[in-house]
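Report on one structure; see the data block that follows.
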Amino acid sequence: MSVMVKNSVLFGLVGGLIVITGFMQSWNTALLILNMGLISAIMAIGVNLQWGFAGLFNVGVMGFVALGGLAVVLISVDPVGEAWAAGGTRVLLGLLLGAATVVAAALVNTRMPAGRARTLALLVILVGGFFFYRAVFDPGVDAVESVNPAGTGFLGGLGLPVLLAWPAGGLLAAGAAWLIGKTALGLRSDYLAIATLGIAEIIIAVMKNEDWLARGVKNVVGLPRPVPYEIDLQNDPGFVETAAGLGIDPVTASTLYVKLGYSVLFLLVLLVILWMAQMALKSPWGRMMRAIRDNEVAAEAMGKDVTRRHLQVFVLGSAVCGIAGAMMTTLDGQLTPGTYQPLRFTFLIWVMVIVGGSGNNLGAVLGGFLIWLLWVQVEPIGLFLMQVITSGLAEDSALRAHLIESAAHMRLFTMGIVLLLVLRFSPKGLIPER
Amino acid sequence: MDFLNAIVALSNFVLIPAIAYGSQLALGALGVTLIYGILRFSNFAHGDTMAFGTMATILVTWLFQSMGISFGPLPTALLALPFGILGCMALVLITDRAVYRFYRQQKAKPVILVIVSMGVMFILNGIVRFIIGPDEQRFADGERFIISARTFKEMTGLREGLAIKASQGLTVIVAVIAVVLLFWFLNRTRTGKSMRAYSDNEDLALLSGINPERVVIYTWLIVAALATIAGTLYGLDKSFKPFVYFQLLLPIFAAAIVGGLGSPVGAIAGGFVIAFSEVTITYAWKKVLGYLMPESLEPSGLVQLLSTDYKFAVSFVILLIVLLFRPTGLFRGKSV
């Protein structure tokens with residue numbers, strides 16, 4: 001069986017599963033899975049760029065995804081004029097001061113000769129800068145957060161069209177990745193993994209606690225969307241007529257229409273990113289990346305700048321994750337920092353890449369769809385299984401209640417089993433690297 | 001008097017909690033470091049191994065409590081601990097046999113083993129949530145305080161109280177016993193010596209007739225014991241919640257790396273470094289400074305450098321600083 005046929009069969013199979021979901025459960029569920037599958041596929045491409053192409057062990061995917069989500073708020077929400085007047089400039093000034101302190105410290109560290117004088121200068125700059133920064137920054141934050149805390153209490157965004165937030169999410173994630181890469185990429189694989197894990201937690205902590213930025217755990221809801229609202233569609237006589245002509249009731253038709261709109265947008269983004277990733281893989285650059293991955297020492301001996309290439313691919317991969325994160329927040333219509341969990345947003349993406357086939361973009365896409373489908377469907381299947389298994393027990397048995405209640409946790413278990421089975425019996429994944 | 005008050009306040013809010021937390025981290029980091037030294041990979045499933053061991057202990061504790069068995073003033077969990085350890089040992093031996101051994105025989109790259117441990121992490125996470133649920137469980141019983149703030153105030157007449165929770169005292173005592181036993185085992189017994197030899201130089205150890213599988217099994221057994229003890233102590237001190245244990249992975253790894261991966265002494269030192277910096281940087285120093293400084297200079301704010309939600313940031317920054325200036329950690333760890 002040629003590679004082409006095998007891949008088509010695999011994709012066809014996943015597509016078929018989604019269609020079956022449409023018939024068995026509802027088309028809304030199927031489209032929801034499709035949309036999140038498209039987003040997951042993009043995230044998987046991002047991780048595949050880093051791990052599959054370059055062998056970088058980044059377990060901070062969650063952080064970049066969350067930054068993409070933050071970008072949606074920063075770009076698309078209307079600015080809160082009152083908050084800006086109360087303390088906006090002060091907050092910005094404080095941030096600039098903080099950044100200036102770090103830059104000054106970095107400059108001193110590189111420009112001054114090592115010795116006691118440098119250590120002293122560094123200490124003075126860092127400690128003095130920190131207190132100065134807090135003195136400017138804190139009152140500004142208090143002022144901003146006290147502006148109508150129940151409704152806003154944050155600076156708001158730029159009020160631009162939400163689609164702009166997607167590339168902006170990529171840029172924000174890329175910027176963060178550049179900063180992180182500069183400091184952490186020199187570390188060995190295990191250390192890099194822990195470092196990225198920590199950075200992701202820090203990004204989430206910042207988003208949860210800095211209320212002036214995006215309301216923290218109070219969440220920003222009702223984000224603008226690139227597709228029409230269901231209620232508007234239902235009030236549009238033309239739409240209702242078309243729906244009636246197709247034999248669907250207008251409410252269902254409107255929800256399907258909105259979801260399909262997202263699907264088309266996401267599919268476009270996925271195709272563009274996939275095409276770019278494929279081109280990159282085939283180009284001399286891609287061959288160089290794989291050469292570095294397979295043997296760093298040899299590549300360095302051939303004159304390749306390993307550190308810079310690593311930084312480059314780390315930034316690119318993170319940017320892709322950021323774009324996917326922005327798309328996801330747009331789809332949700334809200335930014336909820338409390339829901340970002342490493343198991344779901346970092347390790348699950350890793351399962352997608354490994355199962356799909358690391359080093360192969362198509363594999364990553366397939367893994368994204370397949371694993372997302374499993375992640376969603378394991379819960380009802382687990383519940384069904386538990387009901388079958390426990391059907392022999394009495395209705396009011398505590399064990400039965402516990403088992404049925406716990407069925408929801410089957411999905412983590414299943415993901416682990418899938419990952420281990422693939423690693424054991426097909427370590428290159430479903431669509432291996434060529 | 002103010003000086004004494006300052007010291008008491010400092011001990012109450014910073015020193016004692018940090019010592020207890022540091023001991024828990026140190027025990028966790030010892031497990032990570034042993035796996036790294038002997039099996040040569042970073043075990044991402046360690047937090048969940050701790051959660052599993054603690055869960056086993058909690059279940060036995062509940063059984064004892066329902067049978068009316070108690071341990072006097074000490075928490076019943078201490079009686080249940082050996083059973084929890086046994087449960088955890090069975091679990092790690094099964095995972096090793098079913099999962100890790102295959103890759104060891106293949107001589108897989110360490111990073112593959114790390115990904116494998118990610119799979120194990122998912123499974124353990126699922127099992128723990130499946131059995132005990134994702135919610136918070138409190139299982140501490142017995143005396144709550146060794147000395148309560150009020151008794152201390154009455155005893156000394158100071159304005160500040162010093163409270164030592166029973167769980168904190170217990171943590172330190174159990175941790176000291178565990179560490180002494182561990183070092184005795186590693187340094188004095190034949191098996192312990194063979195473990196260290198295997199960790200230092202695998203080829204030489206194999207040449208001198210050390211059975212690698214035996215070394216690996218002993219390592220897993222010790223790691224299971226350490227993880228269960230660390231997890232149970234943490235749960236007694238705070239509370240048990242599967243997700244929190246998963247998150248403990250970060251400070252534990254930070255401790256192990258700061259100390260130098262593969263070095264047991266380093267793991268202990270790293271645990272305390274991380275714990276003390278986390279607690280001191282997120283503590284509001286207003287009270288202590290208020291006692292120490294003349295009244296005119298008394299700080300108006302809380303003098304809290306970072307809010308407690310940023311404690312991850314602290315472990316992470318320490319990690320970065322140590323790695324930048326001493327890439328193998330404080331105690332010269334190894335690198336695979």
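Using only side-chain charges placed at the Cβ, +1 for Lys and Arg and -1 for Asp and Glu, the dipole size of the range A:138-236 relative to its Cα centre rounds to 340 debye.
Peptides B:25-34, A:388-397, A:272-281, A:309-318, ordered by how many other C-beta atoms sit within 10 Å of their residues on average, highest first, read B:25-34, A:309-318, A:272-281, A:388-397. Stretching residue A:160 away from residue A:391 to a fully extended chain increases their span by 77.6 nm, per 0.36 nm per residue minus the current alpha-carbon distance. By definition, a body whose alpha carbon gyration tensor gives a ≥ b ≥ c is prolate when a/c is 1.5 or more and a/b is larger than b/c, and the range B:2-325 fits this prolate description. In the structure shown, the pairs A:428/B:193; A:182/A:208; A:304/B:109; A:282/B:109 are assessed against 31 Å; a Cα-Cα span above that value is assigned to A:428/B:193. Overall size of the protein assembly as shown from C-alpha positions, given as principal axis extents largest first: 86, 70, 69 Å. Amide hydrogen proximity for residue A:80: with H placed 1.01 Å from N in the peptide plane, the residues at 5 or more positions away or on another chain lying under 5 Å are A:156, A:157. Applying 1/(1 + (r/R0)^6) with R0 = 56 Å to the Cβ-Cβ distance of residue A:93 and residue A:384 gives a FRET efficiency near 0.45.
Stretching residue B:79 away from residue B:176 to a fully extended chain increases their span by 33.1 nm, per 0.36 nm per residue minus the current alpha-carbon distance.
Here the Gaussian network model covers chain A, with springs between Cα atoms less than 10 Å apart; of A:362, A:399, A:95, A:399 fluctuates the most.
Annotation: aspartates and glutamates with alpha-carbon distance below 13 angstrom to residue B:287 (same-chain offsets under eight excluded): B:2, B:160, B:295, B:298. Taking label points 7 Å from Cα along the Cα-to-Cβ direction, residue A:234 and residue A:404 give a separation of 3.2 nm. Comparing B:19, B:38, B:127 in a Gaussian network model of chain B, where Cα atoms under 10 Å apart are tied by springs, the biggest mean-square fluctuation is seen for B:127.
Within chain B, which DSSP H helices have Cα atoms that stretch 30 Å or more along the helix axis and a mean Kyte-Doolittle hydropathy of at least -0.5? Correct list, ordered by number: B:16-38, B:46-67, B:110-132, B:166-188, B:212-237.
On the principal axes of its alpha-carbon atoms, the range A:80-155 has extents of 52, 16, 15 Å, going from largest to smallest. Between A:363, A:15, A:303, the GNM of chain A built on Cα springs shorter than 10 angstrom shows A:303 fluctuating the most.
Add -39500 (n - 2.57) for each DSSP H run of 4 or more in chain A, then divide by its residues: what number comes out at 222 nm, to the nearest 500 deg cm²/dmol? That comes out to -24500 deg cm²/dmol. Taken residue by residue and averaged, Cβ atoms of other chains lying within 10 Å of the Cβ of B:306-314 number 4.
Working from label points 7 Å from Cα in the Cα-to-Cβ sense, the residue A:260 to residue A:6 distance is 3.6 nm. Here residue A:276 and residue B:155 are evaluated by their C-beta separation; at R0 = 60 Å the FRET efficiency comes out at 0.25. In this simple spin-label model, placing a label point 7 Å from the Cα along the Cα-to-Cβ direction at both residue B:201 and residue A:23 gives a separation of 6.7 nm. Counted residue by residue at 0.36 nm each, then reduced by the alpha carbon distance between them, the extension gain from residue B:104 to residue B:135 reaches 7.6 nm.
The amide H of residue B:71, built 1.01 Å from its N in the peptide plane, has B:76 as neighbours under 5 Å, considering only residues 5 or more places off or on other chains.
Using only Cα positions of chain A, each an equal point scatterer, no hydration layer, compute I(q)/I(0) via Debye at q = 0.07, 0.11, 0.13 Å⁻¹ and quote the log10 values to two decimals. Debye intensities relative to I(0), on a log10 scale: -0.42, -0.98, -1.25.
The numbers here are math on the coordinates, done by the rules we state, and not lab data. What you see is a predicted model; the values in this text were computed from it and never measured. Cβ atoms come from the backbone with ideal geometry, glycine included; neighbour counts cover every protein chain shown.
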